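The values are calculated or read from the model by the stated rules, or taken from the named source; none is laboratory data. The model shown is predicted, which means the values in this text are computed figures rather than measured ones. In this analysis, Cβ positions are derived from the backbone assuming ideal geometry, glycine residues included, and neighbour counts consider all displayed protein chains. Side chains included, ligands, DNA and RNA excluded: accessible areas come from the protein's heavy atoms. Shrake-Rupley method; radii C 1.70, N 1.55, O 1.52, S 1.80 Å.
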Amino acid sequence: MKLNKRYASTIMDLSLLFFISLVSITVIFVGLGNNGFFIDLISLLITLILVIITYFTGIVSGLIFTLIFVFVQLGYVSYQYVFMKQFTYASLFWLIIPPLYCLSIFLITYQVRLLEKENERLKKNNVQYNALDAETHLRTLTLYESDFPMFVTMSERFQTDLYTVVVRIRYWDSLKKLMTEEQTKELLKMITRVFQESSDQSNSLYMVNQVTPTWSSYTFSTPESLREFRELLKERFLEELEKTTNLNNLTIDLLVSQAKYDPEEMTKASDFLSEALNGLQYDV
């Protein structure tokens, strides 16, 4: 779910104004000294601790500690009223103000966290949708989708089957934790090179996912030719892996799959690509 930036900014501005208002009210109240300086000082310090707890641990734990403080305050007020016959409305101030402080600091930090998440999402999208991948210099998902109608048109015009081939690294999530940044870059470039050398010139190669490295291409071919291509690709990759001293100590394998274009089921490039990605689970 995308964050409405104007809404988030408005909520954060109002939260800050609310917090500043609470601080101003507290300063004025303490300045009047209706409860006594030491009572107000102790209550203010405890309220500050509650704000810090809410900031670092969240609203739930903050409100739990705030309720404990409120019950203690309520007990103190009741004691004064029952046994000392003393009661002022000013004594109710520290029953009301701490929860409001916790609520205001939660609203401020919550909006900040939402903005941080949105920023991370935008960064990932920026990586995902750049026209060219920075490491492999291949066209990315944006161009894969924009080229889809062209290849469909060519397939219909020349009455030939259109396939998309996808390649991923087996157990990538576990493997990337074992590799250095230099090894990762070298592996991505090697797979790209092997893919290009193993395919014919009619293929167009794309890096459709940078987070989980995924190569894809459009090709006009037959099931037999694609099976030969898959075997050739894996064979050449293992040969290159053995030659690479920086990677030959790792066990690396490729997942390769393909999907045939079906005009009735695949109206978008994403449908075509998803079908091929689903086929990776059968490459064992």
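When you go through Phe93, Phe65 one by one, which is the residue that is assigned by the TED database to the domain that holds Asp13, under 21 Å from Ser15 (Cα atoms), aromatic (Phe, Trp, Tyr) and surrounded by 13 or more Cβ atoms within 10 Å (Cβ to Cβ)? Lay out the reasoning, then the answer.
Details: Phe65 fails: under 21 Å from Ser15 (Cα atoms).
After ruling out the rest, the residue left standing is Phe93.
How many residues does region 167-177 hold that are within 22 Å of the chain's Cα centre (by Cα) and of a type in the set (A, V, I, L, M)?
So the count comes out to 2.
Name the one entry in Val51, Val70, Val60 that is over 24 Å from Val112 (Cβ atoms) and among the β-branched types (Val, Ile, Thr).
Result: Val70 is the single residue among Val51, Val70, Val60 that is over 24 Å from Val112 (Cβ atoms) and among the β-branched types (Val, Ile, Thr).
Given the criterion assigned to a strand (DSSP E or B), aliphatic (A, V, I, L, M) and open to solvent by 10 Å² or more (accessible area, probe 1.4 Å), identify the matching residue among Leu255, Leu273, Leu277.
On inspection, the qualifying residue turns out to be Leu255.
Between Leu232, Leu247, Leu187, which is surrounded by 19 or more Cβ atoms within 10 Å (Cβ to Cβ) and either among the hydrophobic types (A, V, I, L, M, F, W, C) or in a strand (DSSP E or B) (or both)? Spell out how you get there, then give the answer.
On the way: Leu232 fails: surrounded by 19 or more Cβ atoms within 10 Å (Cβ to Cβ); Leu247 fails: surrounded by 19 or more Cβ atoms within 10 Å (Cβ to Cβ).
Exactly one of Leu232, Leu247, Leu187 is surrounded by 19 or more Cβ atoms within 10 Å (Cβ to Cβ) and either among the hydrophobic types (A, V, I, L, M, F, W, C) or in a strand (DSSP E or B) (or both), namely Leu187.
Among the candidates Glu240, Glu264, Glu224, single out the residue that is over 30 Å from the mean Cα position of the chain (by Cα) and either aromatic (Phe, Trp, Tyr) or under 17 Å from Met190 (Cα atoms) (or both).
Exactly one residue qualifies, and that residue is Glu240.
What pairs come out if I take residues in region 260-284 that are in contact (Cβ under 8 Å) with a residue 12 or more places away in the chain and closer than 13 Å to Val208 by Cα and pair them with residues that are open to solvent by less than 50 Å² (accessible area, probe 1.4 Å) and among the aromatic types (Phe, Trp, Tyr) whose C-beta lies under 8 Å away, six or more apart or interchain?
These pairs meet every condition: Ala269/Tyr144; Ala269/Phe148; Phe272/Phe148; Phe272/Tyr261; Leu273/Tyr144.
May I ask you to list the residues in region 258-270 that are touching a helix residue (DSSP H, G or I) at 6+ places or on another chain (Cβ under 9 Å) and open to solvent by 90 Å² or more (accessible area, probe 1.4 Å)?
Lys260, Glu265, Lys268
Would you check if Gly58 is closer than 17 Å to Cys102 by Cα, assigned by the TED database to the domain that holds Ile105 and of a type in the set (Gly, Ala, Ser)?
Numbers: closer than 17 Å to Cys102 by Cα: yes; assigned by the TED database to the domain that holds Ile105: yes; of a type in the set (Gly, Ala, Ser): yes.
Yes, satisfied.
Exactly one of these conditions fails for Thr109: (1) under 22 Å from the mean Cα position of the chain (by Cα); (2) surrounded by 15 or more Cβ atoms within 10 Å (Cβ to Cβ); (3) part of a helix (DSSP H, G or I); (4) at pLDDT 90 or above. Give me its number.
Every listed condition holds for Thr109 apart from (4).
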